[in-house]
Amino acid sequence: MSELLKGYKFFKFDLCDSTMDMCKDLLSQNQPIKDASLVVVANQQEKGRGRRGRTWKSDIGNLYISIGFNYPASVEISQLSFVTALAVGQTVLHFGKDCDLAYKWPNDIFIKNKKVGGILIETQNVENEVIVGMGVNILKSPSLVGYDATNLKEHGVHVQLDDFLKVLIKNFDFCKNKWITQGFQFIRDEWLEKAWKLNENISVKNGKGKVVEGIFKGIDPKGGLIIQQAEHEEVLYSAQIIR
């Protein structure tokens with residue numbers, strides 16, 4: 001165990017089932033963590049997962065990281081995926097300034113309409129405790145159901161995993177603290193500047209499996225997707241943009 005940045009306790013593994021599960025186990029062994037966050041990184045995962053229980057293929061050479069911490073009761077936890085996406089995006093742009101990067105609602109990072117990264121948020125049984133998972137394709141593009149994948153190397157971004165990780169943690173810390181102390185507006189505005197398909201026609205599958213079509217108009221204060229249909233707007237919270 002070491003400290004990567006003040007307030008962050010760092011654990012690295014060559015192989016684990018998933019960084020999410022490992023982080024959960026470590027949190028249970030390291031209570032309380034009110035003054036620190038736990039960072040778990042693995043070179044490879046055997047049972048990596050994404051949103052809605054999807055498998056996250058975990059090839060060696062890409063980044064797999066989970067961060068566990070306590071959040072104040074005053075924040076809206078549904079906003080955290082946008083906070084995290086912004087941190088990942090800022091890190092990608094730090095090393096690849098000319099990347100055609102976009103944020104796909106609610107938790108993906110795209111380059112040129114292909115998925116380069118994803119985010120998973122899981123609240124825990126302990127009050128106000130959350131784990132944030134991030135996967136970023138640095139060297140390889142794993143096959144994904146429903147998406148074309150890409151990686152940073154493919155776009156001329158050559159970066160070592162450790163260097164990417166150091167900048168990512170700093171950006172995550174900055175974005176998280178900005179969110180906690182100043183609210184969601186800054187995060188929302190920055191995210192919307194690079195929102196994928198903003199003000200374009202999209203098709204969305206809602207939580208009941210119904211396909212809804214309309215114009216993507218932005219996100220509400222809780223992070224819900226605002227879609228305009230004819231004369232009215234609808235806000236969706238449990239949904240997936242399918243095209």
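Given the C-alpha centroids of region 153-209 and region 55-128, what is the distance between them in whole angstrom?
6
Tally Lys and Arg at +1 and Asp and Glu at -1 over the other residues with C-beta under 10 Å from the C-beta of ASP148: what net charge comes out?
The answer is +3.
State which entries of LYS104/LYS178; LYS47/LYS114; LYS9/LYS47; LYS9/LYS208; LYS24/LYS217; LYS178/LYS210 exceed 29 angstrom in Cα-Cα distance in the structure shown.
In this structure, LYS9/LYS208; LYS24/LYS217; LYS178/LYS210 exceed 29 Å between Cα atoms.
So if I restrict to the alpha-carbon atoms in the chain, what is the Rg, and what is Dmax, the biggest pairwise distance, in Å?
In Å, with Rg to one decimal and Dmax whole: 17.3, 56.
Looking at the chain only, what percent of DSSP beta bridges run antiparallel? Nearest 5 please.
Just about 80 percent of them are antiparallel.
Read-outs: derived from the displayed coordinates by stated rules, not from any lab. Fair warning: this is a prediction, and the values are worked out from it, not measured in the lab. FYI the Cβ positions are ideal-geometry reconstructions off the backbone, even for glycines, and counts take in every protein chain you see.
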